Protein chains: 2
Amino acid sequence: MDRSAPIGVFDSGIGGLTVVRELVKQLPNESILYFGDTARVPYGPKSPDTVLRYSREIVAFLRSQGVKAIVVACNTATAHALPALREENDLPIIGVIEPGARAAAAATRTKRVGVIGTAGTVKSAAYEKEIKRLLPDAFVFSQACPLFVPLIEEGWMDEDPTRLIAERYLTPVAEANTDAVVLGCTHYPLLKSVIGRVVGRDVRLIDSAEETARETAGTLRSNNLDAERADQACYRFIASDAPETFLRVGQRFLGSSIDRVETVTLG
Amino acid sequence: MDRSAPIGVFDSGIGGLTVVRELVKQLPNESILYFGDTARVPYGPKSPDTVLRYSREIVAFLRSQGVKAIVVACNTATAHALPALREENDLPIIGVIEPGARAAAAATRTKRVGVIGTAGTVKSAAYEKEIKRLLPDAFVFSQACPLFVPLIEEGWMDEDPTRLIAERYLTPVAEANTDAVVLGCTHYPLLKSVIGRVVGRDVRLIDSAEETARETAGTLRSNNLDAERADQACYRFIASDAPETFLRVGQRFLGSSIDRVETVTLG
């Protein structure tokens with residue numbers, strides 16, 4: 001495998017760009033090929049079988065483009081598809097749940113951890129299982145927040161309705177006396193300040209993106225796949241639908257501008 | 001064509017069941033085959049090309065099941081796909097926009113009409129064009145309300161955040177002095193009371209479902225396709241994903257219970 005090949009990163013839409021942002025920061029030599037499945041977003045409310053089918057199609061596409069490793073930058077896809085994807089493919093595949101769970105297990109002092117995510121991620125209990133594997137006597141309180149993604153996509157990051165909805169969803173998480181809360185959806189880092197105000201300033205918010213980028217770095221190194229040359233990194237962004245919206249909204253997630261978005265139809 | 005064949009009805013998800021409800025009421029002899037594309041919901045933010053592709057796949061499926069006519073019970077699909085679907089198929093196809101626009105044109109006294117819908121429906125300006133065809137000097141004020149569908153699917157029909165968000169979206173509609181507002185999304189009839197309180201009790205809310213059922217009745221009669229025998233009607237519900245959610249949430253839309261939901265994968 002060519003060490004200068006890009007890392008493939010995919011998500012149901014644009015949320016995974018928060019992971020790309022960290023990858024660019026931590027791995028400046030690596031090229032990235034990002035696929036956002038905007039034609040079929042959101043994955044959160046969909047069944048495990050459907051999310052697995054979509055993930056397989058995307059992995060086949062990314063492999064056809066010659067990626068050397070794949071980051072599943074979507075919590076729902078990680079929850080429903082990661083084991084099967086690893087079984088079926090002979091290249092390193094990194095998900096967002098193991099790194100996030102590890103960071104939460106390291107951060108909690110009271111062993112009381114909150115997890116917030118989409119309906120699919122919460123129902124899968126993937127974070128809960130992983131945190132309890134690391135900390136068998138941990139108490140994990142999970143809460144689905146299905147309106148957070150539409151609110152973020154509407155651009156209402158710090159508006160009255162967003163604060164009111166965050167209170168509805170997160171008051172039970174705060175009342176469960178958790179001291180670390182996993183942002184179990186790649187969109188949620190954009191709501192960090194609203195979420196922080198509801199759960200309280202002394203609660204650590206765990207953003208999987210950072211830890212996922214760290215795990216990707218380690219995996220590339222140990223597989224002898226890390227890019228050797230500097231100043232060669234290039235970034236490609238592909239969406240399955242509505243590239244203009246991707247271009248416009250993506251900037252909020254990536255923290256820098258996107259020049260061009262290609263469109264590829266799957267399924 | 002067999003007059004006892006079912007009418008095919010489709011939507012991006014469960015919203016179209018508000019149209020089925022009216023069809024059952026007005027056309028008790030007709031059988032209905034409903035397809036909800038829950039694997040790819042929502043259509044609202046997606047591009048016209050993608051919505052057209054999805055609509056073609058569903059129409060091909062419904063035809064393979066022997067339907068005698070098709071009701072596009074989704075505003076976004078009607079806006080983006082109806083002309084092409086009519087061109088390509090030799091059976092009657094009824095959309096929700098023409099009937100809704102006609103009802104609005106009949107209801108307004110001041111010729112100032114509001115239209116609320118998904119981003120896709122509003123961007124298409126399909127209602128505005130149709131209303132102005134009927135009332136050339138009408139003033140049409142359109143407003144996208146992207147959070148209404150997620151709020152309804154969360155079951156928050158009359159909660160504080162819903163009222164607050166309705167005020168944000170609808171105050172400009174009220175201030176435009178409209179005297180009729182088209183509920184340009186099949187989900188919105190479930191928010192009728194909240195919407196009514198914001199726009200004011202003297203504003204007529206136009207629910208396309210009723211008018212669409214009336215147009216369907218007329219079309220079947222004029223094509224000699226109306227079912228002749230009573231007590232033979234049967235209803236089939238098919239979803240492309242997550243039939244349990246369809247079963248549970250669908251009742252709210254249909255106003256009566258659903259016994260069974262089949263699953264069919266498209267695309």
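Taking θ as phi - 60° and the Karplus parameters 6.51, -1.76 and 1.60, the scalar couplings of region A:232-241 work out to 10, 5, 9, 10, 10, 10, 10, 10, 7, 6 Hz in sequence order, x denoting glycine and proline.
Amide H contacts of B:Ile94 (H built 1.01 Å from N, in plane; Pro and chain starts excluded): B:Ile70, B:Val71, B:Val72 sit under 5 Å, all sequence-distant by 5 or more or on other chains. Counting only other chain Cβ atoms within 10 Å of each residue's Cβ, the peptide A:147-155 averages 4.
Under a 10 Å cutoff between Cα atoms, tell me which one of B:Gly66, B:Gly44, B:Gly114 has the largest fluctuation in the Gaussian network model of chain B. So, out of B:Gly66, B:Gly44, B:Gly114, the one fluctuating most is B:Gly66. DSSP beta bridges confined to the protein assembly as shown are antiparallel in about 0 percent of cases.
The alpha carbon centroids of region A:51-82 and region A:3-29 are separated by 13 Å. Each peptide in A:185-197, A:210-222 gets a packing score, the mean of other Cβ atoms within 10 Å over its residues, and the list from highest to lowest is A:185-197, A:210-222. Between A:Gly184, A:Gly155, A:Gly120, the GNM of chain A built on Cα springs shorter than 10 angstrom shows A:Gly155 fluctuating the most. Per the Cα gyration tensor, region A:97-207 maps to an equivalent ellipsoid with semi-axes of 22, 14, 11 Å, ordered largest to smallest. When the square roots of the Cα gyration tensor eigenvalues are ordered a ≥ b ≥ c, the ratio a/c for region A:2-105 is under 1.5, which makes its shape rounded.
From the Kirkwood radius over Cα pairs of chain A, Stokes-Einstein at 4 °C and 1.567 mPa s returns a whole-number translational diffusion coefficient of 70 µm²/s.
In whole angstrom, how far apart do the alpha carbon centroids of region A:237-267 and region A:161-191 sit? The distance from the Cα centre of region A:237-267 to that of region A:161-191 comes to 27 Å.
The charge dipole of the protein assembly as shown, taken about its Cα centre with unit charges on the Cβ atoms of Lys, Arg (+1), Asp and Glu (-1) only, comes to about 300 debye.
The long axis of helix A:208-222 is offset from the longest Cα principal axis of chain A by roughly 40 degrees.
In this Cβ point-charge picture (+1 for Lys and Arg, -1 for Asp and Glu), region B:131-267 has a dipole of about 200 debye about its Cα centre. Inter-chain neighbour count for A:189-202: the average number of beta-carbon atoms from partner chains within 10 Å of each residue's beta-carbon is 0.
Overall, the anisotropy analysis places the protein assembly as shown in the prolate class: the square-rooted eigenvalues a ≥ b ≥ c of its C-alpha gyration tensor yield a/c not less than 1.5, with a/b exceeding b/c. Helical content alone sets the calculated 222 nm signal of the protein assembly as shown at -14000 deg cm²/dmol, taking -39,500 (n - 2.57) per DSSP H segment of four or more residues and averaging over every residue. Copy-to-copy label distances for A:Gly196, where each label lies 7 Å from Cα along Cα-to-Cβ, are 4.5 nm in order of increasing length. Seen against the Cα atoms of chain B and their longest principal axis, helix B:75-88 is set at about 40 degrees. For q = 0.15, 0.18, 0.19, 0.23 Å⁻¹, what log10 I(q)/I(0) does region A:147-259 give under the Debye formula with an equal point scatterer on each alpha carbon and no solvent? Relative scattering, expressed as log10 I(q)/I(0), comes to -0.84, -1.03, -1.08, -1.28. Across identical copies of the chain, B:Asn224 has label-point separations of 7.8 nm, listed in ascending order, with the point defined 7 angstrom from Cα along Cα→Cβ. Restricting attention to region B:102-243, close to 0% of DSSP beta bridges with both partner residues there are antiparallel. Restricting the GluC sites (Glu not before Pro) of region A:131-204 to loop positions (DSSP other than H, G, I, E, B) with no more than 16 neighbouring Cβ atoms within 10 Å leaves A:Glu159.
Couplings 3J(HN,Hα) of region B:90-101, computed from phi: 9, 9, x, 10, 10, x, 9, 7, 4, x, x, 5 Hz, in residue order, whole Hz [Karplus 6.51 cos²θ - 1.76 cosθ + 1.60, θ = phi - 60°; x for Gly and Pro]. Placing a label point 7 Å from Cα along the Cα-to-Cβ direction at B:Arg252 gives distances to the equivalent points in the other copies of 2.4 nm, listed shortest first.
Measuring against 25 Å, Cα to Cα, the residue pairs B:Lys111/B:Lys192; A:Lys25/A:Lys123; B:Lys46/B:Lys129; B:Lys25/B:Lys68; A:Lys46/A:Lys129 contain A:Lys25/A:Lys123 as the ones spanning a longer distance.
Bear in mind that the values in this text are calculations on the coordinates, not laboratory data. In this text, all values refer to a predicted model and were calculated from it rather than measured experimentally. All Cβ positions, glycine included, derive from the backbone under ideal geometry; neighbour counts span all protein chains shown.
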